[in-house]
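> Quick one: this structure, given as C-alpha coordinates, is what I'll be asking you about.
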Amino acid sequence: MEFTGAHILSIKQFERADIERIFQVADSMEPYALRRRVTRVLEGAILGNMFFEPSTRTRVSFGSAFNLLGGEVRETTGFQSSAIAKGESLYDTARVLSGYSDVICMRHPESGSVAEFAEASRVPVINGGDGANEHPSQALLDLYTIRKELADRGRSIDGLRIAMIGDLKHGRTVHSLCKLLCLYQNVHVTLVSPVELAMPEAVLESMREAGIDVVISQDLANGIGAVDIAYATRIQEERFASKEEANQYRGQFRLNQAIYTQYCEPNTVIMHPLPRDSREDANELDNDLNLNPNLAIFRQADNGVLVRMALFALILNVADQVDKYSREVTWYNGR
Ligand code: CP
(Lines give C-alpha, C1' and ligand atoms only; values in the text may rest on other atoms or scores of the structure.)
Protein backbone atom coordinates (compact mmCIF):
# COMPACT_ATOMS: atom_id res chain seq x y z
CA MET A 1 0.00 0.00 0.00
CA GLU A 2 0.99 3.64 -0.31
CA PHE A 3 1.47 4.77 3.28
CA THR A 4 1.96 8.48 2.64
CA GLY A 5 -1.24 10.30 3.56
CA ALA A 6 -3.17 7.06 4.19
CA HIS A 7 -5.89 6.58 6.79
CA ILE A 8 -5.36 3.55 9.04
CA LEU A 9 -8.91 2.30 9.64
CA SER A 10 -8.89 -1.48 9.39
CA ILE A 11 -6.34 -4.25 9.45
CA LYS A 12 -7.91 -5.47 6.19
CA GLN A 13 -6.17 -2.70 4.25
CA PHE A 14 -2.73 -4.28 4.72
CA GLU A 15 -0.82 -6.85 2.68
CA ARG A 16 1.91 -8.91 4.28
CA ALA A 17 4.63 -6.72 2.72
CA ASP A 18 3.03 -3.66 4.38
CA ILE A 19 3.22 -5.33 7.77
CA GLU A 20 6.87 -6.17 7.20
CA ARG A 21 7.57 -2.52 6.26
CA ILE A 22 5.82 -1.27 9.44
CA PHE A 23 7.83 -3.71 11.58
CA GLN A 24 11.10 -2.75 9.88
CA VAL A 25 10.44 0.94 10.64
CA ALA A 26 9.30 0.06 14.19
CA ASP A 27 12.63 -1.74 14.78
CA SER A 28 14.48 1.40 13.67
CA MET A 29 12.61 3.48 16.30
CA GLU A 30 14.13 1.63 19.24
CA PRO A 31 16.94 4.16 20.05
CA TYR A 32 14.29 6.91 20.25
CA ALA A 33 11.72 4.92 22.23
CA LEU A 34 14.50 3.90 24.65
CA ARG A 35 15.56 7.58 24.95
CA ARG A 36 19.09 6.95 23.70
CA ARG A 37 18.57 9.47 20.89
CA VAL A 38 16.09 12.24 20.19
CA THR A 39 14.82 13.30 16.79
CA ARG A 40 13.07 16.48 15.63
CA VAL A 41 11.87 15.03 12.35
CA LEU A 42 8.23 16.01 13.04
CA GLU A 43 9.04 19.42 14.54
CA GLY A 44 6.09 21.72 13.81
CA ALA A 45 3.64 18.88 13.17
CA ILE A 46 0.51 18.45 15.30
CA LEU A 47 -1.33 15.25 16.27
CA GLY A 48 -5.03 15.65 17.11
CA ASN A 49 -5.61 12.91 19.65
CA MET A 50 -9.36 12.49 20.10
CA PHE A 51 -10.54 9.89 22.54
CA PHE A 52 -14.28 9.60 23.16
CA GLU A 53 -13.87 6.42 25.22
CA PRO A 54 -11.53 5.74 28.15
CA SER A 55 -7.97 4.85 27.24
CA THR A 56 -4.59 4.76 28.94
CA ARG A 57 -2.22 2.94 26.56
CA THR A 58 -3.54 3.89 23.13
CA ARG A 59 -4.01 7.57 23.93
CA VAL A 60 -0.75 8.07 25.80
CA SER A 61 1.39 5.89 23.53
CA PHE A 62 0.11 7.61 20.37
CA GLY A 63 0.86 10.94 22.06
CA SER A 64 4.30 9.79 23.25
CA ALA A 65 5.12 8.35 19.83
CA PHE A 66 4.34 11.69 18.19
CA ASN A 67 6.32 13.63 20.81
CA LEU A 68 9.28 11.26 20.42
CA LEU A 69 9.35 12.15 16.72
CA GLY A 70 9.46 15.84 17.64
CA GLY A 71 5.79 16.70 17.06
CA GLU A 72 3.18 18.22 19.35
CA VAL A 73 -0.08 16.73 20.59
CA ARG A 74 -3.51 18.32 21.15
CA GLU A 75 -6.06 16.18 22.94
CA THR A 76 -9.80 15.86 23.42
CA THR A 77 -10.97 13.27 25.91
CA GLY A 78 -14.62 12.34 26.42
CA PHE A 79 -17.73 13.74 24.73
CA GLN A 80 -18.37 16.26 27.50
CA SER A 81 -15.20 18.21 26.71
CA SER A 82 -16.02 18.29 22.98
CA ALA A 83 -18.64 20.25 21.01
CA ILE A 84 -20.12 16.87 20.01
CA ALA A 85 -21.92 17.20 23.37
CA LYS A 86 -23.66 20.29 21.85
CA GLY A 87 -24.85 18.28 18.86
CA GLU A 88 -21.97 18.89 16.44
CA SER A 89 -21.74 16.15 13.80
CA LEU A 90 -18.73 13.94 13.14
CA TYR A 91 -18.54 15.56 9.69
CA ASP A 92 -18.21 19.10 11.09
CA THR A 93 -15.82 17.96 13.81
CA ALA A 94 -13.62 16.29 11.21
CA ARG A 95 -13.64 19.32 8.89
CA VAL A 96 -12.67 21.61 11.76
CA LEU A 97 -10.09 19.46 13.56
CA SER A 98 -8.34 18.46 10.38
CA GLY A 99 -7.61 22.15 9.89
CA TYR A 100 -5.73 22.14 13.20
CA SER A 101 -3.79 18.89 12.81
CA ASP A 102 -1.43 17.03 10.48
CA VAL A 103 -2.77 13.64 11.53
CA ILE A 104 -5.60 12.58 13.82
CA CYS A 105 -6.00 9.56 16.04
CA MET A 106 -9.54 8.82 17.17
CA ARG A 107 -11.32 6.40 19.50
CA HIS A 108 -15.12 6.33 19.48
CA PRO A 109 -17.73 3.93 20.93
CA GLU A 110 -19.59 3.37 17.62
CA SER A 111 -18.46 0.80 15.04
CA GLY A 112 -17.68 2.56 11.77
CA SER A 113 -17.53 6.04 13.34
CA VAL A 114 -13.80 6.54 12.72
CA ALA A 115 -14.21 5.64 9.05
CA GLU A 116 -17.10 8.14 8.81
CA PHE A 117 -14.91 10.79 10.44
CA ALA A 118 -12.02 9.98 8.09
CA GLU A 119 -14.21 10.55 5.02
CA ALA A 120 -14.65 14.18 6.05
CA SER A 121 -11.09 14.71 7.31
CA ARG A 122 -8.51 16.63 5.30
CA VAL A 123 -5.64 14.81 7.02
CA PRO A 124 -4.87 11.12 7.70
CA VAL A 125 -6.91 9.48 10.46
CA ILE A 126 -5.86 6.48 12.56
CA ASN A 127 -8.49 4.29 14.17
CA GLY A 128 -7.70 4.04 17.89
CA GLY A 129 -10.66 1.69 18.39
CA ASP A 130 -14.24 2.02 17.06
CA GLY A 131 -16.75 0.26 19.29
CA ALA A 132 -16.49 -3.53 19.09
CA ASN A 133 -15.29 -3.32 15.49
CA GLU A 134 -11.51 -2.88 15.16
CA HIS A 135 -8.35 -1.68 16.85
CA PRO A 136 -5.79 -1.94 14.06
CA SER A 137 -2.77 -0.37 15.80
CA GLN A 138 -3.28 -2.78 18.72
CA ALA A 139 -3.25 -5.75 16.33
CA LEU A 140 -0.07 -4.44 14.75
CA LEU A 141 1.66 -4.09 18.12
CA ASP A 142 0.34 -7.51 19.16
CA LEU A 143 1.77 -9.14 16.06
CA TYR A 144 5.02 -7.20 16.44
CA THR A 145 5.24 -8.59 19.99
CA ILE A 146 4.43 -12.12 18.82
CA ARG A 147 7.14 -11.83 16.16
CA LYS A 148 9.73 -10.67 18.73
CA GLU A 149 8.80 -13.23 21.37
CA LEU A 150 8.83 -16.07 18.84
CA ALA A 151 12.14 -14.90 17.35
CA ASP A 152 13.67 -15.26 20.83
CA ARG A 153 12.50 -18.90 20.68
CA GLY A 154 13.85 -19.46 17.13
CA ARG A 155 10.39 -19.35 15.55
CA SER A 156 8.45 -17.15 13.11
CA ILE A 157 4.81 -16.08 12.80
CA ASP A 158 4.21 -18.72 10.12
CA GLY A 159 3.32 -21.87 12.05
CA LEU A 160 2.00 -19.87 15.04
CA ARG A 161 -0.28 -21.62 17.55
CA ILE A 162 -2.31 -19.11 19.55
CA ALA A 163 -5.21 -19.33 22.02
CA MET A 164 -7.48 -16.28 22.40
CA ILE A 165 -9.42 -16.29 25.63
CA GLY A 166 -12.36 -14.34 27.06
CA ASP A 167 -14.85 -11.95 25.48
CA LEU A 168 -14.20 -12.65 21.81
CA LYS A 169 -17.55 -11.20 20.74
CA HIS A 170 -16.88 -7.64 21.84
CA GLY A 171 -13.06 -7.64 21.96
CA ARG A 172 -12.00 -5.47 19.02
CA THR A 173 -8.33 -6.29 19.56
CA VAL A 174 -8.90 -9.98 18.82
CA HIS A 175 -11.09 -9.16 15.82
CA SER A 176 -8.24 -7.17 14.30
CA LEU A 177 -5.58 -9.69 15.31
CA CYS A 178 -7.50 -12.58 13.70
CA LYS A 179 -7.80 -10.60 10.46
CA LEU A 180 -4.07 -9.88 10.57
CA LEU A 181 -3.17 -13.54 11.10
CA CYS A 182 -4.95 -14.31 7.80
CA LEU A 183 -1.81 -12.99 6.07
CA TYR A 184 0.35 -15.79 7.53
CA GLN A 185 0.81 -19.49 6.77
CA ASN A 186 0.02 -22.57 8.81
CA VAL A 187 -1.59 -20.64 11.68
CA HIS A 188 -3.62 -22.48 14.36
CA VAL A 189 -6.08 -20.46 16.44
CA THR A 190 -7.97 -21.82 19.46
CA LEU A 191 -10.84 -19.60 20.60
CA VAL A 192 -11.84 -20.07 24.24
CA SER A 193 -14.93 -18.14 25.34
CA PRO A 194 -18.41 -18.60 26.75
CA VAL A 195 -20.74 -19.63 23.89
CA GLU A 196 -22.55 -16.26 24.13
CA LEU A 197 -19.27 -14.35 23.74
CA ALA A 198 -17.92 -16.30 20.77
CA MET A 199 -15.92 -14.76 17.94
CA PRO A 200 -18.27 -13.15 15.35
CA GLU A 201 -19.08 -15.40 12.40
CA ALA A 202 -17.66 -12.91 9.85
CA VAL A 203 -14.23 -13.06 11.51
CA LEU A 204 -14.39 -16.88 11.65
CA GLU A 205 -15.27 -16.97 7.98
CA SER A 206 -12.30 -14.74 7.06
CA MET A 207 -9.95 -16.99 9.03
CA ARG A 208 -11.27 -20.19 7.48
CA GLU A 209 -11.10 -18.68 3.98
CA ALA A 210 -7.45 -17.81 4.66
CA GLY A 211 -6.71 -21.42 5.63
CA ILE A 212 -6.33 -20.84 9.37
CA ASP A 213 -7.00 -23.94 11.46
CA VAL A 214 -9.67 -22.72 13.94
CA VAL A 215 -10.74 -24.64 17.05
CA ILE A 216 -13.61 -23.36 19.24
CA SER A 217 -13.63 -24.38 22.89
CA GLN A 218 -15.15 -23.56 26.27
CA ASP A 219 -12.37 -25.38 28.12
CA LEU A 220 -9.46 -23.17 29.20
CA ALA A 221 -7.18 -26.03 30.29
CA ASN A 222 -7.55 -27.77 26.96
CA GLY A 223 -7.34 -24.53 24.95
CA ILE A 224 -4.01 -23.38 26.39
CA GLY A 225 -2.37 -26.81 26.32
CA ALA A 226 -0.43 -26.71 23.07
CA VAL A 227 0.04 -23.08 22.06
CA ASP A 228 2.90 -20.62 21.66
CA ILE A 229 0.79 -17.67 22.80
CA ALA A 230 -2.04 -17.51 25.34
CA TYR A 231 -3.78 -14.18 24.62
CA ALA A 232 -6.26 -13.26 27.34
CA THR A 233 -8.88 -10.52 27.03
CA ARG A 234 -11.15 -8.58 29.35
CA ILE A 235 -14.93 -8.99 29.56
CA GLN A 236 -15.88 -5.76 27.74
CA GLU A 237 -18.35 -4.58 30.35
CA GLU A 238 -19.03 -1.33 28.47
CA ARG A 239 -20.49 -3.24 25.49
CA PHE A 240 -23.17 -5.09 27.54
CA ALA A 241 -26.68 -3.82 28.18
CA SER A 242 -26.01 -3.91 31.93
CA LYS A 243 -23.22 -4.54 34.40
CA GLU A 244 -25.22 -7.50 35.74
CA GLU A 245 -25.17 -9.14 32.32
CA ALA A 246 -21.38 -8.72 32.08
CA ASN A 247 -20.97 -10.07 35.61
CA GLN A 248 -22.28 -13.49 34.51
CA TYR A 249 -19.10 -14.02 32.50
CA ARG A 250 -16.54 -12.32 34.71
CA GLY A 251 -13.90 -14.64 36.12
CA GLN A 252 -14.89 -17.68 34.02
CA PHE A 253 -11.47 -18.02 32.40
CA ARG A 254 -8.73 -17.07 34.85
CA LEU A 255 -5.08 -17.70 34.21
CA ASN A 256 -2.74 -17.89 37.18
CA GLN A 257 0.68 -19.42 37.79
CA ALA A 258 -0.72 -22.77 39.00
CA ILE A 259 -2.93 -23.18 35.91
CA TYR A 260 -0.07 -22.05 33.69
CA THR A 261 2.34 -24.59 35.25
CA GLN A 262 -0.20 -27.41 35.03
CA TYR A 263 -1.52 -26.92 31.50
CA CYS A 264 0.81 -24.73 29.39
CA GLU A 265 3.95 -25.79 27.57
CA PRO A 266 6.97 -24.40 29.45
CA ASN A 267 7.68 -21.42 27.15
CA THR A 268 4.12 -20.32 26.35
CA VAL A 269 4.02 -16.53 26.04
CA ILE A 270 1.22 -14.79 27.94
CA MET A 271 -0.28 -11.72 26.29
CA HIS A 272 -3.20 -9.38 26.98
CA PRO A 273 -4.00 -6.08 25.23
CA LEU A 274 -4.60 -4.54 28.69
CA PRO A 275 -6.18 -3.22 30.76
CA ARG A 276 -6.43 -6.53 32.60
CA ASP A 277 -9.35 -6.57 35.01
CA SER A 278 -7.61 -7.23 38.33
CA ARG A 279 -10.74 -6.91 40.48
CA GLU A 280 -11.22 -9.98 42.63
CA ASP A 281 -14.30 -11.23 40.77
CA ALA A 282 -12.51 -11.06 37.41
CA ASN A 283 -8.75 -11.48 37.92
CA GLU A 284 -8.15 -12.58 34.33
CA LEU A 285 -4.38 -12.69 34.67
CA ASP A 286 -3.36 -13.15 38.27
CA ASN A 287 -0.66 -10.95 39.76
CA ASP A 288 1.18 -14.15 40.69
CA LEU A 289 2.20 -14.29 37.00
CA ASN A 290 4.01 -10.95 37.27
CA LEU A 291 7.43 -12.53 37.75
CA ASN A 292 6.87 -15.20 35.10
CA PRO A 293 9.42 -14.31 32.35
CA ASN A 294 6.89 -15.45 29.74
CA LEU A 295 4.42 -12.76 30.80
CA ALA A 296 4.86 -10.37 27.86
CA ILE A 297 2.10 -7.86 28.67
CA PHE A 298 4.38 -4.97 29.56
CA ARG A 299 6.79 -5.63 26.69
CA GLN A 300 3.64 -5.68 24.53
CA ALA A 301 2.55 -2.25 25.86
CA ASP A 302 6.09 -0.87 25.31
CA ASN A 303 6.04 -2.12 21.73
CA GLY A 304 2.99 0.05 21.14
CA VAL A 305 5.20 3.13 21.08
CA LEU A 306 7.53 1.65 18.43
CA VAL A 307 4.68 0.58 16.18
CA ARG A 308 2.83 3.88 16.54
CA MET A 309 6.03 5.84 15.80
CA ALA A 310 6.39 3.70 12.67
CA LEU A 311 2.82 4.48 11.58
CA PHE A 312 3.36 8.23 11.97
CA ALA A 313 6.72 8.11 10.20
CA LEU A 314 5.24 6.20 7.27
CA ILE A 315 2.00 8.18 6.97
CA LEU A 316 3.85 11.50 7.14
CA ASN A 317 6.62 10.17 4.87
CA VAL A 318 9.60 10.79 7.14
CA ALA A 319 10.66 7.19 7.87
CA ASP A 320 13.95 7.67 6.02
CA GLN A 321 14.74 11.03 7.65
CA VAL A 322 14.36 10.22 11.34
CA ASP A 323 18.10 9.72 11.94
CA LYS A 324 19.07 12.81 9.92
CA TYR A 325 17.28 15.03 12.46
CA SER A 326 18.59 13.22 15.54
CA ARG A 327 21.15 13.61 18.30
CA GLU A 328 22.09 11.82 21.50
CA VAL A 329 20.05 12.56 24.61
CA THR A 330 21.51 15.04 27.07
CA TRP A 331 19.70 13.88 30.22
CA TYR A 332 20.24 10.97 32.58
CA ASN A 333 18.69 7.82 31.14
CA GLY A 334 18.10 5.26 33.87
CA ARG A 335 16.67 2.61 31.52
N1 CP B 1 -5.13 -1.85 24.78
C2 CP B 1 -5.82 -0.70 24.85
O3 CP B 1 -6.49 -0.30 23.91
O4 CP B 1 -5.68 -0.05 26.03
P5 CP B 1 -6.37 1.34 26.39
O6 CP B 1 -7.86 1.09 26.43
O7 CP B 1 -5.81 1.72 27.73
O8 CP B 1 -6.02 2.30 25.31
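> What size of dipole, in debye to the nearest 20, comes out for segment 136-298 about its Cα centre when the only charges are +1 on Lys and Arg C-beta atoms and -1 on Asp and Glu C-beta atoms?
Values: 16 positive and 23 negative charges, 78 e Å.
Magnitude of the dipole: close to 380 debye.
> Shifting gears a bit: Taking springs between alpha-carbon atoms closer than 10 angstrom, which of ALA198, ALA65, ALA246 fluctuates most in the Gaussian network model of the chain?
ALA246
> Which whole-number percentage describes the relative contact order of the chain, with Cα contacts under 8 Å and a sequence gap of 6 or more?
Computed over the chain, the figure is 21 percent.
> In Å², what does the accessible area per residue of segment 136-298 work out to with a 1.4 Å probe?
Result: 40 Å² of accessible area for each residue.
> Quick one: among GLU265, GLU244, GLU134, which has the greatest mean-square fluctuation in a GNM of the chain with alpha-carbon springs under 10 angstrom?
GLU244
> Shape of segment 136-298 from its Cα gyration tensor (a ≥ b ≥ c, root eigenvalues): rounded if a/c is under 1.5, otherwise prolate when a/b > b/c, or oblate?
It is oblate, given that a/c is not under 1.5 and a/b is not larger than b/c.
> Select from GLN13, TYR32, GLY48 the residue farthest towards the positive end of the dipole of the chain; place +1 on Cβ of Lys and Arg, -1 on Cβ of Asp and Glu, and compute about the Cα centre.
My answer, from the dipole projection, is TYR32.
> Still on this model: Under a 10 Å cutoff between Cα atoms, tell me which one of ALA282, ALA232, ALA241 has the largest fluctuation in the Gaussian network model of the chain.
Judging by the Gaussian network model, the answer is ALA241.
> Grab the beta carbon distance between ASN256 and SER82, set R0 = 41 Å, and tell me the FRET efficiency rounded to 0.05. Walk me through the numbers before you get to the answer.
Working: r = 41 Å, r/R0 = 0.99.
That gives a FRET efficiency of 0.50.
> Go through SER278, SER10 and list them by solvent-accessible area, largest first, probe radius 1.4 Å.
I get SER278, SER10, largest accessible area first.
> Oh, and also: Quick one: dipole size for the chain, taken about the Cα centre, charges +1 on Lys/Arg Cβ and -1 on Asp/Glu Cβ, in debye to the nearest 20.
On the way: 35 positive and 45 negative charges, 187 e Å.
Once rounded to the nearest 20, the dipole reads 900 debye.
> Turning to a different aspect of this structure: May I ask you to give the percent of accessible area on segment 136-298 that is carbon plus sulfur, with a probe radius of 1.4 Å?
With neighbouring chains kept in place, the figure for segment 136-298 is 48 percent.
> Rounded, prolate or oblate: which fits segment 160-228, taking a ≥ b ≥ c as square roots of the Cα gyration tensor eigenvalues, rounded meaning a/c under 1.5, else prolate when a/b beats b/c?
oblate
> Once phi is turned into ³J(HN,Hα) by the Karplus curve 6.51 cos²θ - 1.76 cosθ + 1.60 with θ = phi - 60°, what whole-Hz value does each residue of segment 160-177 show in order, with x for glycine and proline?
4, 10, 10, 10, 10, 10, x, 8, 7, 6, 9, x, 5, 5, 6, 4, 5, 5
> What percent do you get for the relative contact order of segment 141-195 when only Cα pairs under 8 Å and 6+ apart count? The partial results should precede the final answer.
Working: 50 pairs, mean separation 23.9, N = 55.
Computed value for segment 141-195: 44 percent relative contact order.
> I'd like the Karplus ³J(HN,Hα) series for segment 140-149: coefficients 6.51, -1.76, 1.60, θ = phi - 60°, whole numbers in Hz, and an x wherever there's a Gly or Pro.
For segment 140-149, the Karplus-derived couplings read 5, 6, 5, 5, 4, 5, 4, 4, 5, 5 Hz, x marking Gly and Pro.
> Just to confirm the filter: which chymotrypsin sites (Phe, Trp or Tyr not before Pro) across segment 55-112 are DSSP coil and have at most 15 other Cβ within 10 angstrom of their Cβ?
Taking segment 55-112 and a limit of 15 other Cβ atoms within 10 Å, the loop chymotrypsin sites (Phe, Trp or Tyr not before Pro) found are TYR100.
> To continue, here is another question. Sorted by accessible area (1.4 Å probe), largest first, how do GLU237, GLU201 line up?
GLU201, GLU237
> Under 15 Å from the Cβ of VAL195, count the other residues' Cβ atoms, weight Lys and Arg +1, Asp and Glu -1, and hand me the total. Before the final figure, lay out the partial values.
Details: positive: LYS169; negative: ASP167, GLU196, GLU201, ASP219, GLU245.
Within the 15 Å Cβ shell, the charges total -4.
> If you don't mind, another one. At 7 Å along Cα-to-Cβ for each site, give me the label-to-label distance between SER278 and SER242 in nm.
3.1
> Taking 8 Å as the Cα distance limit and 6 or more residues as the minimum spacing, I'd like the relative contact order of segment 271-335 as a percentage.
23
> So which GluC sites (Glu not before Pro) in segment 1-95 are both in a DSSP loop and have at most 15 other Cβ atoms within 10 Å of their Cβ?
GLU2, GLU15, GLU43, GLU88
The values are calculated or read from the model by the stated rules, or taken from the named source; none is laboratory data. This is a predicted model, so every value here is computed, not measured. Don't worry about glycine lacking a Cβ; one is built from the backbone with ideal geometry, like all the others, and counts go over all protein chains shown. The area values use the complete protein model at the heavy-atom level, side chains included, leaving out ligands, DNA and RNA. Shrake-Rupley method; radii C 1.70, N 1.55, O 1.52, S 1.80 Å.
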